Amino acid sequence: MSFDLAARLAQRRADDLYRQRPLLESPQGPLVRVDGRPMLAFCSNDYLGLANHPEVIAALRDGAERWGVGGGASHLVNGHCGPHHELELALAEFTGRPRALLFSTGYMANLGAVTALLGKGDTVLEDRLNHASLLDAGLLSGARFSRYLHNDPASLAGRLAKAEGNTLVVTDGVFSMDGDLAELPALAAQAKAHGAWLMVDDAHGFGPLGAHGGGIVEHFGLGLDDVPVLVGTLGKAFGTAGAFVAGSEELIETLIQFARPYIYTTSQPPALACATLKSLELLRGEGWRREHLRALIERFRHGAQAIGLRLMDSFTPIQPILIGGSRQAMALSEALRGHGILVGAIRPPTVPAGSARLRVTLSASHTESQVDRLLDALAQSWQQVSSSLLAEIDAEEGEDA
Ligand SMILES: *Cc1c(COP(=O)(O)O)cnc(C)c1O
């Protein structure tokens, strides 16, 4: 027995699934330098343009002067610093929940919450298209794990009827690869009717959604009763890093006692919490960012439909263009690169087989004319790619003959 990594990697390449990391040589923003070239980017999750905001940078710098760099210890030892505490209070107030708990990453928040709440004999029900961190958390929890049809309260109800033990229903708020919204009111009603709890990971909703950026729960007006476990991440619209779980006093105390990814890790640098406090203020207060973003989304959808591209049912900044095959998606992404435009091609297993897509994301820091540049490049690239694919198919048919 030996590890045949070379064969595994070769297979990955042959399947058009090989991943490469573009090298970013500038701060995050619409105009970036990637792999030595200036590019116009439509692929970050910095939806409100806060990742490189001067006031957020200044808060980080001031925080480092005041608190140093490293957290130095876990929260339960002596790494729980003033700014972490202040940020938790601010996030609780922001979400309208009694308490909030800061985690170092969203992946860890999800892992921590699900594994602290569930064990053997319990049930976890997840949307088929949930983020990988939620699926991993469900599998690791040891609970009976089942996936219901995407955003389908009836499919969920069928599984709830057969659930045993403590039951947690888990869903993305805004689906990260599709951009659509979970049908939260209906899902919450089903969960409540069966005595289950609903956990929502709104990584992509906080910031763009809700009148004050309070995400999907603000959008639908759902309280603690409907969504007992609410997760937000700070690396997307907040423009910083980390994550939080918001909920009842008892929930948060339970996580502090039992969530292993909370307990056994060093607290995030306190200066980062200082930066997030500033970005939270901007995210809530500067409604013009959401309005501008909404106008860009409209403009993009209108233009893309005119070109004949297949969009998905989304009014969020996540605007995927459905392509189908991985090779075609890669070809279109490459063609766009030729036009100086960076858009990520998303392939299986991140998305279901046969649904490779270009994941266009818009940000409040884009201008209208930048969106127009994207649309022009898409129109040209789409033509290039479809005609070269047709030529390829002709050539293959020629060989067969
Ligand atoms: C990005 C993301 C995460 C992970 O958050 P990190 O802080 O980047 O680890 C979790 N859930 C969803 C839905 C995400 O999009």
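Throughout, read-outs are computed from the coordinates displayed, never taken from laboratory work. All values reported here derive from a predicted model rather than from experimental measurement. Reconstructed Cβ throughout: ideal geometry from the backbone, glycine too, with neighbour counts over all protein chains shown.
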Practice problem: Report, in deg cm²/dmol and to the nearest 500, the calculated mean residue ellipticity at 222 nm for the chain, where each DSSP H run with n ≥ 4 adds -39500 (n - 2.57) and the sum is divided by the residue count. | Solution: -14500 deg cm²/dmol
Quiz item: Tell me, what HN-Hα J-couplings in whole Hz come from the Karplus equation 6.51 cos²θ - 1.76 cosθ + 1.60 at θ = phi - 60° for each residue of region 197-203, using x for Gly and Pro?
Solution: 9, 10, 10, 10, 9, 9, 3
Quiz item: Long-range amide H contacts for residue 34: which residues qualify at under 5 Å (H placed 1.01 Å from N, peptide plane, sequence gap of 5 or more or a different chain)?
Solution: 25, 39
Practice problem: Enter the angle in degrees (range 0 to 90, nearest 10) between the Cα long axis of helix 54-67 and the first principal axis of the Cα atoms of the chain, meaning the one along which they spread out most. | Solution: 40
Quiz item: Dipole of the chain (Lys/Arg Cβ +1, Asp/Glu Cβ -1, origin at the Cα centre): which of 69, 83, 45 lies farthest to the positive side?
Solution: 69
Quiz item: Length gain on complete extension for the stretch residue 58 to residue 256, per 0.36 nm per residue less the alpha carbon to alpha carbon distance?
Solution: 68.2 nm
Exercise. Give me the angle, in degrees from 0 to 90, between the Cα long axis of helix 106-117 and the longest principal axis of the Cα atoms of the chain, rounded to the nearest 10.
Key: 50
Quiz item: D for the chain, whole µm²/s, Stokes-Einstein with Kirkwood Rh over alpha-carbon pairs at 4 °C and 1.567 mPa s: what number?
Solution: 58
Quiz item: Which value, in debye to the nearest 20, gives the size of the charge dipole of region 1-73 about its Cα centre, when Lys and Arg are +1 and Asp and Glu are -1 at the Cβ?
Solution: 220
Quiz prompt | Value of relative contact order over the chain, rounded to a whole percent, pairs C-alpha under 8 Å and six or more apart | solution = 21
Exercise. For residue 341, list long-range residues whose amide hydrogen, built 1.01 Å from N in the peptide plane, is under 5 Å from its own amide hydrogen.
Key: 40
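Would region 1-151 count as rounded, prolate or oblate if I go by the C-alpha gyration tensor, calling it rounded below 1.5 in a/c and otherwise prolate when a/b exceeds b/c, oblate otherwise? Before the final figure, lay out the partial values.
Working: a/c = 1.79, a/b = 1.07, b/c = 1.67.
It is oblate, given that a/c is not under 1.5 and a/b is not larger than b/c.
When only DSSP loop residues count, what GluC sites (Glu not before Pro) in region 105-202 have their Cβ near at most 13 other Cβ atoms within 10 Å? Let's see the in-between values first.
Details: sites: 126, 164, 183; in loops: 164, 183.
Listed in order of number, the matching sites are 164.
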Quiz prompt | For the chain: lysine pairs under 29 Å (alpha-carbon distance), excluding those fewer than 8 apart on one chain | solution = 4
Exercise. Quote the charge dipole size of region 1-136 about the Cα centre in Debye, to the nearest 20; the model charges only the Cβ of Lys and Arg (+1) and of Asp and Glu (-1).
Key: 340
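Gain in length, residue 302 to residue 395, computed as 0.36 nm per residue apart minus the alpha-carbon separation, to one decimal in nm?
Values: separation 93, 0.36 × 93 = 33.48 nm, distance 3.52 nm.
In short, 30.0 nm is gained.
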Quiz prompt | Only Lys, Arg (+1) and Asp, Glu (-1) charged, at Cβ; the chain dipole about Cα centre in debye | solution = 480
Exercise. Specify the inter-centroid distance of region 160-193 and region 93-123, based on alpha-carbon positions, in whole Å.
Key: 15
Quiz item: How far apart, in nm, are two points set 7 Å out from the Cα along the Cα-to-Cβ line at residue 162 and at residue 146?
Solution: 0.4
Quiz item: Ranked highest first by average number of other Cβ atoms within 10 Å, how do 214-225, 15-26 line up?
Solution: 214-225, 15-26
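Would you mind putting 168-180, 146-158 in packing order, based on average other-beta-carbon counts within 10 Å, highest first? Provide the component values of the computation, followed by the final result.
Values: 168-180: 24.2, 146-158: 17.5.
Taking the mean over residues of other Cβ atoms within 10 Å, the ranking is 168-180, 146-158.
Using a Förster radius of 45 Å, what is the FRET efficiency between residue 34 and residue 86 based on their Cβ-Cβ separation? Nearest 0.05, please. Before the final figure, lay out the partial values.
Working: r = 36 Å, r/R0 = 0.80.
That gives a FRET efficiency of 0.80.
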Quiz item: Mean projection of the alpha-carbon convex hull of region 256-401 over all orientations, in nm²?
Solution: 13.4
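If I stretch the segment between residue 20 and residue 78 completely, what's the gain in nm (0.36 nm per residue apart, minus their alpha carbon distance), one decimal? Walk me through the intermediate numbers first.
Values: separation 58, 0.36 × 58 = 20.88 nm, distance 3.89 nm.
Extra length available between residue 20 and residue 78 comes to 17.0 nm.
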Quiz item: Using θ = phi - 60° and the Karplus form 6.51 cos²θ - 1.76 cosθ + 1.60, what ³J(HN,Hα) does each residue of region 247-263 get, whole Hz, x for Gly and Pro?
Solution: x, 6, 3, 5, 4, 5, 5, 4, 5, 4, 6, 10, 7, 4, x, 8, 6
